[in-house]
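The values are calculated or read from the model by the stated rules, or taken from the named source; none is laboratory data. This one's a predicted model, so the numbers in the text were calculated from it and none came from an experiment. Cβ coordinates were reconstructed from backbone atoms using ideal geometry, including for glycine residues, and neighbour counts include every protein chain displayed. Accessible surface areas use protein heavy atoms only, side chains included; no ligands, DNA or RNA. Shrake-Rupley method; radii C 1.70, N 1.55, O 1.52, S 1.80 Å.
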Amino acid sequence: MSMQPLLDVEQLKTYFYLNQNQVAKAVDGISFSVFPGETVALVGESGSGKSITALSIMQLINKPGKIIEGSITMNNQELLKLKPKQMTSIRGNDIGMIFQEPMTALNPVFTIGNQITEIIRKHKKVNRRVAEIRAVSLLKVVGIPRPEEIMKEYPHQLSGGMRQRVMIAMAISCDPQLLIADEPTTALDVTIQAQILDLMVEMQEKFQMALLLITHDLGVVYEYTDRVMVMYGGQIVEQAPTKQLLKLTRHPYTQGLLASLPKIDEDVDRLGTIKGTVPPAYNFPIGCRFATRCPFVMDKCKESNPELKELDTGHFVRCYLYEDGGSTNDDD
Ligand SMILES: Nc1ncnc2c1ncn2[C@@H]1O[C@H](COP(=O)(O)OP(=O)(O)O)[C@@H](O)[C@H]1O
Ligand SMILES: [Mg+2]
């Protein structure tokens, strides 16, 4: 792609210093870009480093965590060099974020109206009345019925789906160029999940935002995203345009994630689930981080960690099975 990236992350490392001899390498050298208007998925099981990646971009990492290396640029501006005040302005104005559990992001003691107008006024120099009008129209945009009444209500009075709609309204209130959604539908029931994802994509198109969608569900990726990055053990193990990734899945981990998706007409649950669990971030194996669970593990996988290599245009894989640019699972 010749277009300038909107967001560019290079060799980002975010570590948690748990005690004198334990360091959790939550994010361990990841690089990726998000282009204007694009929808990119960041996928992986729980504990793979997805949220810490998002929080690093927002610079919301707290002790004992620390961004120790790398670069994060937005429109060519280095975010890691900004003063806290400048970063506050980036959050909201340029990057909006939606979290998994809206209850933790909303303040229980203020009305919905208060919270949205507050955010609008923090970033735009408008008076209360103008902010309120904008708040009501945003609630309308995200499909909230009777927005004037909802303005006067408190978060606990709304359903989970409605709360997530409010969060989306707040995240897009200042027209960000990038929206980061961290498992935005995980806490919701299935029918509401689809509605919220549809709404996000609708908002993305309407406001021409780029969307970084974090999820543990490859099923969601298939329907909603242009490009996928698969994360395991704090690193990207496979990255490709969505269609290509699903057509020719290269990394054994991604293959495992796909196999564990429930299939239509199949009530036996999760036949292909990957055995074992993600190794703890303070104790990764020396070699490939997936070696302990990989059905194709070879000796060298236990000795050193493979590099992320581009096999076809835009399709990157971190796996020794493809050392010579070969592949194990295509039919030609
Ligand atoms: N507050 C924290 N303190 C210590 N370690 C943490 C903290 N937050 C995250 N980690 C470490 O980072 C890893 C990745 O976390 P996270 O990004 O939240 O995973 P994901 O969002 O993919 O489920 C965790 O498995 C853990 O080892
Ligand atoms: Mg997470």
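Worth a mention:
- Accessible area (Å², per residue) of segment 132-209, counting only protein heavy atoms and a probe of 1.4 Å: 43 Å²
- Most fluctuating residue given options Arg293, Arg318, Arg146, as computed from a GNM of the chain linking Cα atoms under 10 Å: Arg146
- Take segment 2-72 with all the other protein chains still there, run a 1.4 Å probe, and you get 43 Å² of accessible area per residue.
- DSSP bridge pairs, the chain: antiparallel proportion in percent, nearest 5: 60 percent
- Equivalent ellipsoid semi-axes - Cα gyration tensor, segment 146-234, angstrom: 24, 16, 11
- On the chain, 51 percent of the accessible area sits on carbon and sulfur atoms, based on a 1.4 Å probe.
- Working value for segment 146-190: equivalent-ellipsoid semi-axes of 19, 16, 7 Å, each the square root of 5 times a Cα gyration tensor eigenvalue, largest first.
- Ranked by the mean number of other Cβ atoms within 10 Å of their residues, highest first, the peptides 118-128, 165-175, 222-232 come out as 165-175, 222-232, 118-128.
- Rg/Rh (Cα only; Kirkwood hydrodynamic radius) as it applies to segment 12-100: 0.96
- Base-10 log of normalised Debye intensity for the chain (one unit scatterer per alpha-carbon) at q = 0.11 Å⁻¹: -0.74
- The Rg/Rh ratio of segment 127-281, with both radii computed over alpha carbons and Rh defined as the Kirkwood radius, is 1.04.
- Pairs from Lys25/Lys85; Lys13/Lys81; Lys85/Lys122; Lys275/Lys300; Lys13/Lys66; Lys81/Lys122 whose Cα-Cα separation, in the structure shown, is over 18 Å: Lys25/Lys85; Lys275/Lys300; Lys81/Lys122
- Principal axis dimensions, largest first and in whole angstrom, of segment 213-318 by Cα: 41, 35, 23
- Tail beyond 15 Å, pair distance distribution of segment 1-55 (Cα, percent): 56 percent
- When each full DSSP H helix of the chain is screened for a Cα extent of at least 20 Å along its own axis and an average Kyte-Doolittle hydropathy of at least -1.0, the helices passing are 190-207.
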